[in-house]
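Here is the structure we will look at.
The values are calculated or read from the model by the stated rules, or taken from the named source; none is laboratory data. Since the structure is predicted, the reported quantities are computational estimates derived from the model, not experimental observations. Positions of Cβ are generated from backbone atoms using ideal geometry, with glycine treated the same way; all protein chains shown enter the neighbour counts.
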Amino acid sequence: MPQREYVIEPMISAKAIAARVEELAGEIERHFAGTGKLVVVGLLRGSFVFIADLVREIGLNIEVDFLEASSYGDSTESSREVRILKDLRGEIGGRDVLVVEDIVDTGYTLQHVVGLLRSRKPRRLETIALLDKPSRREVDIRATWTGFEIPDEFVVGYGIDFAQRNRNLPYIGKVRFTGEG
């Protein structure tokens, strides 16, 4: 299938993202104050830039682990079928856990992952999403912390891709497809 042509319109600047990440890190640090070690679970692949910036701002002992879940593939629409492609390497039972998601859209991925991780009996489990699209929600779930609430736009950048492209943009941009009626 040939790649669809598109342009990217900037939506959230790198500077705005950096400022918000710093604020969120402070809130997380206060919430988990006194923890021996916070297990930060990044949902691959879209969260990898966010998680890297976030953990550098949190002044707690941190262990980083990753889980890869997919409900999109190369599409712009969620399939609503969540598949776990890579599970955690470490144990989370009895530990404080923060799940880091790039974007909460329909909510199916976050709901599935939270259910899976809660079944492993962490001491506390909280969630953070860089972006939230509440207008697209199909299940009743919200992240504990949200960086930015956005309208129903397909976005890329800051780790978020379209068909494995544009993850390296330092900002969040709206995708506008060209040449379509």
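Quick notes
- Taken over region 140-181, the criterion of being of a type in the set (A, V, I, L, M, F, W, C), within 19 Å of Ala19 (Cβ to Cβ) and assigned to a strand (DSSP E or B) is satisfied by Trp145, Phe148, Val155, Ile160, Ile172.
- Qualifying residue in region 124-136 (condition: touching a His at 6+ places or on another chain (Cβ under 8 Å), surrounded by 16 or more Cβ atoms within 10 Å (Cβ to Cβ) and in contact (Cβ under 8 Å) with a residue 24 or more places away in the chain): yes
- Meets criteria (on the phi > 0 side of the Ramachandran plot and not aromatic (Phe, Trp, Tyr)) for Lys133: no
- The residue pairs whose first member lies in region 84-95 and is within 7 Å of Leu67 (Cβ to Cβ), whose second member is in a loop (DSSP other than H, G, I, E, B), and whose beta carbons are closer than 9 Å, counting only pairs six or more residues apart or on different chains, are Leu88/Arg120.
- With respect to the stated conditions, Asp87 fails to be closer than 30 Å to His31 by Cα, buried (at least 19 other Cβ atoms within 10 Å of the Cβ) and not β-branched (Val, Ile, Thr).
- Residue match in region 123-145 (condition: modelled with pLDDT of 95 or more, within 12 Å of the chain's Cα centre (by Cα) and of a type in the set (Phe, Trp, Tyr)): yes
- First in region 56-69 and among the hydroxyl-bearing types (Ser, Thr, Tyr), second anywhere and surrounded by 15 or more Cβ atoms within 10 Å (Cβ to Cβ) and in a strand (DSSP E or B), Cβ under 8 Å, 6 or more apart: none
- Any hit, region 65-72, residues being under 22 Å from Arg167 (Cβ atoms), in contact with a Phe, Trp or Tyr (Cβ under 7 Å, 6 or more places away or on another chain), at pLDDT below 95 and among the hydroxyl-bearing types (Ser, Thr, Tyr): yes
- Neighbours by Cβ (under 6 Å, 6+ apart or cross-chain): first from region 103-115, farther than 14 Å from Asp87 by Cα; second in a helix (DSSP H, G or I): Val104/Leu110; Asp105/Arg136; Thr106/Arg136
- Of all residues in region 25-55, exactly one satisfies the criterion of being farther than 12 Å from Val100 by Cβ, out of contact with any strand residue (DSSP E or B) (no Cβ under 6 Å at 6 or more places or on another chain) and among the hydrophobic types (A, V, I, L, M, F, W, C), namely Ala33.
- Yes/no for Asp105 being acidic (Asp, Glu), within 22 Å of Leu24 (Cα to Cα) and modelled with pLDDT of 95 or more: no
- Restricting attention to region 137-174, the residues being more than 29 Å from Leu125 (Cα to Cα) and crowded, with 18+ Cβ neighbours inside 10 Å number 5.
- Any hit, region 103-115, residues being polar (S, T, N, Q) and surrounded by 20 or more Cβ atoms within 10 Å (Cβ to Cβ): yes
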